Amino acid sequence: MITVSFHENSDSKIIGFTLSGHAGYAESGSDIICAAVSALVINAMNSIESFSSDTFTYDEDEETGFIDFKIISSLSPVSELLLKSLELGLEGIQEGYGTDYIQIN
């Protein structure tokens, strides 16, 4: 199962996330839930890097499906929107496929 936790600042705005695990919906390379989650997460991170001046830290381990991403500068409106969009997309996957494959805390 993929687990996702969002990091919030003192204003309750999302400033990052920790994600780990694999969905287990299908074999590696054929798992559409893992593919969808990966696409959303990588796009959010790349978009924040390309379209904002925010600085961030991240750590990843492809084997375990671990990613920890956190904005360490002031949160720009662009990054705020991109992280809310990521949350919305992940919630949509959870609603569509259930909490046996992805759990958002």
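Helix-only estimate, please: 222 nm mean residue ellipticity of the chain, summing -39500 (n - 2.57) across DSSP H runs of length 4 or more and dividing by its residues, to the nearest 500. Walk me through the numbers before you get to the answer.
Details: 2 runs with 41 residues, N = 105.
One gets -13500 deg cm²/dmol as the mean residue ellipticity at 222 nm.
Cα-based Rg of the range 2-104 per 2.2 N^0.38 Å, rounded to two decimals?
Numbers: Rg = 13.4 Å, N = 103, 2.2 N^0.38 = 12.8 Å.
So the Cα radius of gyration is 1.05 times the expected 2.2 N^0.38 Å.
Mind checking which of ALA35, TYR25, GLY92 is farthest towards the positive end of the range 2-104's charge dipole, using Cβ charges of +1 (Lys, Arg) and -1 (Asp, Glu) about the Cα centre?
Selected residue: GLY92.
Just PHE51, PHE17, PHE66 to compare: in a GNM of the chain, with alpha carbon springs under 10 Å, which one fluctuates most?
Result: PHE51 has the largest fluctuation of those listed.
Please give the helix 32-51 orientation as an angle from the longest Cα principal axis of the chain, in degrees from 0 to 90, rounded to the nearest 10.
Tilt of helix 32-51: around 10 degrees.
When only C-alpha pairs under 8 Å and at least 6 residues apart count, what is the relative contact order of the chain, in percent? Don't jump to the answer; show the numbers that get you there.
Details: 164 pairs, mean separation 37.1, N = 105.
Reported as a whole number, the value is 35 percent.
Report, in degrees rounded to the nearest 10, the 0 to 90 angle that the Cα long axis of helix 77-97 makes with the longest principal axis of the chain.
For helix 77-97, the angle is close to 20 degrees.
No value in this document is a laboratory result; all are computed from the given coordinates. If you're wondering where the values come from, they're calculated on a predicted model, not measured in any experiment. Neighbour counts are summed over all protein chains in view; Cβ atoms, including those assigned to glycine, are modelled from backbone coordinates with ideal geometry.
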